[in-house]
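> Structure provided below as structure tokens; questions to follow.
The values are calculated or read from the model by the stated rules, or taken from the named source; none is laboratory data. Computed from a predicted model, the values in this text were never measured in an experiment. In this analysis, Cβ positions are derived from the backbone assuming ideal geometry, glycine residues included, and neighbour counts consider all displayed protein chains.
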Amino acid sequence: MRSRRDFLKGVGATAVAAATAGPAVVSAQARKGVPSDPVKIGVIAIRAGIAAPVGAAGLRGTEWWAERVNSAGGILGRKVQLVVEEESNPKDTVERYRKLVLQEKVDVVLGGISTGVTLALATVAEDLATPWLSWDGTTQKGVDETMPNPKWAFKSVDNEVEAIVAGMLTPKYFKGIKTVAGIGNDYSYGHDCWQSYQAVLKRYIPDVKFVLELFPKLGVTDFTSHIAAIQQSKADLLMCSFWSGDATIIMKQAAAVGLFKTMKGVFTTAGGVHDSLKKDFTPEGLLLGYNTMYFDDPKGSPLLKQFVREYKAKYNEYPPYECDHAYFNAESYKAAVEKAYASAQEWPSKAQVVKALEGIEVESLSGRRSWREDHVQMCNFYQGITTHKNAYDFVTINPIETVSTRQAMKPAGAKLFDWINSWKL
Amino acid sequence: MTEHVVRVLLSGVFHASILFLVSAGLQVVFGVQKIFNLACGSFYALGAYVGVWAVQMYAAAGGPPAFFIVPLVLGGLLVGLVGVVVERGLLRFVYDRDETFQLLLTFALVLMLEDAIRLTWGTSPLSTGGMYLVYGQAHILGAAVPVYNLVVIAAGLAIAVGIGALLTRTAFGRIVRAAADQREMTEALGVDMRRLYALVFTLGTVLGTLGGALVIPATAAMSEMGIELIVEAFAVVVIGGLGSMRGALVGALVVGVLRSIAISVYPELEMLLIYLIVIAVLVLRPRGLFGAAATAT
Amino acid sequence: MIGRLGLVAAGAAVVAAPFAASTYHVLLMLPFMAYGVVLLGLNLLFGYTGLVSFGHALFIGIGAYTGAFLTSTFGVRSLEAIVVTAAGLGAVVAAPVAALCVRYVKIYFGMLTLAFGMVFYTFVLKFYRLTGGDEGLPYLRPSLLGFGLEGMSKTDYLTGPYYYYSLIVLAVAAVVMWRIVHSPFGLCLKTIRDNPAKAETLGIGVGRYRWYAFVISAVYASVGGALLGAPIGNVDPTLAYWTHSGNIVFMTLLGGFASFFGPILGAFVYIYLEDFLKSLAPSSWRLIFGALLAAVVILAPGGLMGLVRAARRGASPRPHDPARA
């Protein structure tokens, strides 16, 4: 039997050890099974080119989230460290993605906006067995062909949803539409939006005629010739799916010839540049889409209001929707880690995080958002009629329509056009 | 119907003016120095960003909107002086090198200017907002045409005429044309080629930045716009002939008007049409409409 | 000539890399090897024939799309079939393009090639029903010498069998190109580069030889493109954009166009430097690269190999400097 002295020595040693051990042992934040080093989160953001503002918005949203989380102690007490890489063309972005996972050893990758890139990243993400939460970029093909049953990849909302919502709202706000012209960028998003819009509109107005379709390539800055063609078509309504500087440009050039004095306008995604749509040249009465986040939502949460306030103070701009996608992705990751931890009682593995992500719902900037079981984002879409009655120098919307993806996005496993044609109206 | 024709033609001519303004600088520099400046689109972009800046500062200082074109043009002209820095600081070191090295140097410029522009102005599209509408509309044969478009067209014409006059009627112009045709002889006759090259290159840059500034109220300044524009400028100079200002004007008109007609009649063809013409020209008459014979062998 | 020892050491390092280096750095070697093949061809045109093409990304695109079409549309997975088809298609497209371009030199040649490169880019982008447009086309995992290797993860496949396959292709390509440039044909090309008029008087058909050089370089670029596409898994039009053509010329110049191995060195340095800079200076790496290119053009037109030689010879001027007009 050890002497009482040895026993006391042992107790003393333990006490000394406890007292002199690092903060991880003593601090209130430390949890069982959670490493003390920061959790590395990879972020892929566009820095250059026409989608650069979208990438910047996503990155800013993620950074705001990270600061907030870190000032509250991190995820389960672990600080968040963002590792940012550039999204450019598919070849280079695949390389940077591999660097994030293999070299930087991030636990999760957030981001991805352009379609070509997200399609290329999909197979790489599956191969590298790390969760990847994409902000944007999913179109028809992505959903059907390249990522049929993703295990690690989490896809954005189907991007045609905003065109579908616009199609649903058009007959509600614009009566007597018989002819429609469409203009969109000459790539998958532009074409998919136009086709979806047409399919939906035809359900509500079976004998509507589509008299003109124009697809200028991304990066065009002069639409005067296109506007001439649109005027010549004498369509009742113009549907436009531009989402970047070109939306501002066409609005300006259309105002210069008074296009919308005689024609109705539907801008499915111009909310992406909403604060550049100045009242000087953007008329009231257009249907304008803000994707999943409307910065001035009167029903907006305190979180949204705080975000808008701080964003404006820091960047002198009002935040567009990409911030919401970014925030949601990051926040859902955090929630999934916490949920998986609750059952595993240690920092979850990547596979456990993935499992926890499926079906999870969190409070994002725009309100409650979730991940569907098949790894697709679920959220609300905000569109409305432009108005000048506000305190800004740009337009806002009133009334505001909120349409959920439960209504406007095809269910898991369905084919888009079959689904649209099966609606009971 | 007439109004549609007017709209198509005028929008075509407007686009042609933009193309001319991008390519004019390119032609001047190539004509004299035989350097194909891949960065001409980037200088155009620089002028666009500075133009927006100048107008925003002017508006913030309370300047009356009707005169916004003054700070716009001034901004465009002044930033073009960066051409002196580029020429003296970089380009002059490669004059005695093979042309392709000069081309590569301008490619290096493209890369540097892209990041420089982005670091200075960020990535959000910048625009002068509603200034475009300040001069209102004109009504021509039933079609409402933005007066600012006419201003751009007039400016393009004025510059074309002005450069033409500069080249044919002034002593400077005579020297420039002599240097273009007979470099060694001109030098032997005592012309300071260093100064001439600096002047010519700066003239080329100023044409680019001025063009960018003039057009920006009608459009918006966006990241990497310079890289896209060089492709259009290229089509213009191939069709019109490298080194010829007249060629730039005609080439721009051909591209601008045909594009406008295609958009109304057969939109599918829009961008392809230009490339098809480019290939046809390259196959059938590589020197373009007005260019000097391309050296073979 | 880089020393025999240097070459052997480099070769040994490349062979040993999958066992010694981190997975990520081994993966970076794959585009290096693919570009190595492309640049061997490009330099036949640039260094040995004196023609700088600003449109060779066209052929990289052809090679990559060949792989994509064969694997996803036609179900043909054999990398051998892909490489051979890519080479053939590259030659078929190059034949008329070359016939047109080689009539002209210097700036006009560069412009013509740029034009053709952008035409290809526009076609691929526009005809999206056929090519996938901006979304691109999947390039599925090719089988190597008949082995599908489906059991391996893509990363293991790429850092193992695919790595050595690419290395062998690069080695073979290098040996073949070495033979070409040291043959009478190669000598004729150099004569044409240095003094076309003299070449004509010697009875060398300048146009014809340039045409051969162009077609061979296109074949190399297509093969390189086929190798480049597989690790990405999805091939898209940006591979054919003019700035991609500019970048490969940059690599050649960086390494040294007047040397056989220069361009390969250039590809290596470019890729690793780009990787380093993207992590170090994410907002300004293009600025730094532009400055680097400018510095090389102005101060060291012979590239890295040029610097090495100058250091060896104690800065005595080289007899033939194609950098000077």
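> If you take the residues of region C:173-195 that are within 14 Å of chain B (Cβ to nearest Cβ) and surrounded by 19 or more Cβ atoms within 10 Å (Cβ to Cβ), which of them is farthest from B:D98 (Cα to Cα)?
Checked region C:173-195; the qualifying residue farthest from B:D98 (Cα to Cα) is C:I192.
> Does region C:279-288 contain any residue that is over 24 Å from C:F120 (Cβ atoms), assigned to a helix (DSSP H, G or I) and among the polar types (S, T, N, Q)?
Checked region C:279-288: at least one residue is over 24 Å from C:F120 (Cβ atoms), assigned to a helix (DSSP H, G or I) and among the polar types (S, T, N, Q).
Here is a yes/no grid of residues against (1) within 24 Å of A:I44 (Cβ to Cβ); (2) in contact with a Gly (Cβ under 8 Å, 6 or more places away or on another chain):
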residue	(1), (2)
A:T224	no, no
A:L237	no, yes
A:G245	yes, no
A:K264	no, yes
A:L287	no, yes
A:E322	yes, yes
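> Does region C:235-244 contain at least one residue that is under 27 Å from C:R4 (Cα atoms) and in contact (Cβ under 8 Å) with a residue 12 or more places away in the chain?
no
> So which residues in region C:132-162 are more than 9 Å from chain A (Cβ to nearest Cβ) and in contact with a strand residue (DSSP E or B) (Cβ under 6 Å, 6 or more places away or on another chain), if there are any at all?
C:L137, C:Y139, C:S143, C:P161, listed by residue number.
> Sticking with this one: Would you pick out the residues in region B:184-226 that are closer than 15 Å to B:V29 by Cβ and polar (S, T, N, Q)?
Residues satisfying the conditions are B:T202, B:T205, B:T209.
> Right, another one. Tell me the residue from B:L72, B:L126 that is under 27 Å from A:Y318 (Cβ atoms), modelled with pLDDT of 90 or more, crowded, with 21+ Cβ neighbours inside 10 Å and within 13 Å of chain A (Cβ to nearest Cβ), please.
That would be B:L126, the only listed residue that is under 27 Å from A:Y318 (Cβ atoms), modelled with pLDDT of 90 or more, crowded, with 21+ Cβ neighbours inside 10 Å and within 13 Å of chain A (Cβ to nearest Cβ).
> Can you list residue pairs whose Cβ atoms sit under 8 Å apart, with the first residue in region B:194-220 being away from chain A (no Cβ under 13 Å) and in contact (Cβ under 8 Å) with a residue 12 or more places away in the chain and the second being surrounded by fewer than 24 Cβ atoms within 10 Å (Cβ to Cβ) and of a type in the set (K, R)? Count only pairs 6 or more apart in sequence or on different chains.
The qualifying pairs are B:R194/B:R92; B:Y197/B:R92; B:A198/B:R88; B:A198/B:R92.
> Let me ask you something else. Within region C:217-235, is even one residue in a loop (DSSP other than H, G, I, E, B) and either modelled with pLDDT under 95 or farther than 28 Å from A:T93 by Cα (or both)?
Yes: one or more hits.
> Which condition number in (1) out of contact with any helix residue (DSSP H, G or I) (no Cβ under 8 Å at 6 or more places or on another chain); (2) among the aromatic types (F, W, Y); (3) farther than 24 Å from A:P38 by Cα; (4) modelled with pLDDT of 95 or more is the one that A:Y318 fails?
Going through (1) out of contact with any helix residue (DSSP H, G or I) (no Cβ under 8 Å at 6 or more places or on another chain); (2) among the aromatic types (F, W, Y); (3) farther than 24 Å from A:P38 by Cα; (4) modelled with pLDDT of 95 or more one by one, A:Y318 breaks only (1).
> Of the residues that sit in region B:33-56 and are outside any loop (DSSP other than H, G, I, E, B) and among the aliphatic types (A, V, I, L, M), which one is farthest from the other protein chains (Cβ to nearest Cβ)?
My answer is B:A54.
> Where in region C:1-84 are there helices (runs of 4 or more DSSP H), lying fully within it, with 2 or more residues that are surrounded by fewer than 19 Cβ atoms within 10 Å (Cβ to Cβ)?
Those helices (runs of 4 or more DSSP H) span C:4-20, C:23-46.
> Separate question: Run down A:S225, A:S241 and say which single residue is within 29 Å of A:S188 (Cβ to Cβ), in contact (Cβ under 8 Å) with a residue 60 or more places away in the chain and crowded, with 21+ Cβ neighbours inside 10 Å.
A:S241
> Search region A:171-192 for residues being at pLDDT 95 or above and surrounded by 23 or more Cβ atoms within 10 Å (Cβ to Cβ), and hand back the single one that is farthest from B:M271 (Cα to Cα).
A:V180
> Considering C:A258, C:A294, which residue is within 14 Å of chain B (Cβ to nearest Cβ) and either at positive phi or assigned to a loop (DSSP other than H, G, I, E, B) (or both)?
None of the other options fit; the residue is C:A258.
> List pairs: first residue in region B:1-28 and among the charged types (D, E, K, R), second residue assigned to a helix (DSSP H, G or I) anywhere in the structure, Cβ distance under 7 angstrom, at least six positions apart or on different chains.
B:R7/A:A228; B:R7/A:Q231
> Next up: From the list B:G240, B:G226, which one is crowded, with 24+ Cβ neighbours inside 10 Å and modelled with pLDDT under 85?
B:G226
> If A:F242 satisfies all but one of (1) over 21 Å from A:V54 (Cβ atoms); (2) not assigned by TED's automatic domain parsing to the domain that holds A:S364; (3) not basic (K, R), what's the number of the condition it fails?
The one condition A:F242 does not meet is (1).
> Restricted to region C:103-122, and to residues that are in contact with a Pro (Cβ under 9 Å, 6 or more places away or on another chain), part of a helix (DSSP H, G or I) and not hydroxyl-bearing (S, T, Y), which residue is surrounded by the most Cβ atoms within 10 Å (Cβ to Cβ)?
C:L112
> Go through (1) in contact (Cβ under 8 Å) with a residue 40 or more places away in the chain; (2) closer than 24 Å to B:G164 by Cβ for B:R285 and report which single condition fails.
Every listed condition holds for B:R285 apart from (1).
> Scan region B:195-209 and tell me whether some residue there is under 28 Å from B:R285 (Cα atoms), among the hydroxyl-bearing types (S, T, Y), touching a helix residue (DSSP H, G or I) at 6+ places or on another chain (Cβ under 8 Å) and part of a helix (DSSP H, G or I).
So far as region B:195-209 goes, no, none of its residues is under 28 Å from B:R285 (Cα atoms), among the hydroxyl-bearing types (S, T, Y), touching a helix residue (DSSP H, G or I) at 6+ places or on another chain (Cβ under 8 Å) and part of a helix (DSSP H, G or I).
> Also: Tell me whether region A:389-402 contains one or more residues that are under 26 Å from A:V353 (Cβ atoms) and not basic (K, R).
No, region A:389-402 has no match at all.
> To continue, here is another question. Which condition number does B:F30 fail, the rest of (1) away from chain A (no Cβ under 14 Å); (2) touching a helix residue (DSSP H, G or I) at 6+ places or on another chain (Cβ under 7 Å) being met?
(2)
> Here is a list: B:F101, B:F107. Which entry is more than 10 Å from chain A (Cβ to nearest Cβ), touching a residue at least 12 places away in the same chain (Cβ under 8 Å), of a type outside the set (K, R) and under 22 Å from C:T243 (Cβ atoms)?
Just a single option satisfies the conditions, and that option is B:F107.
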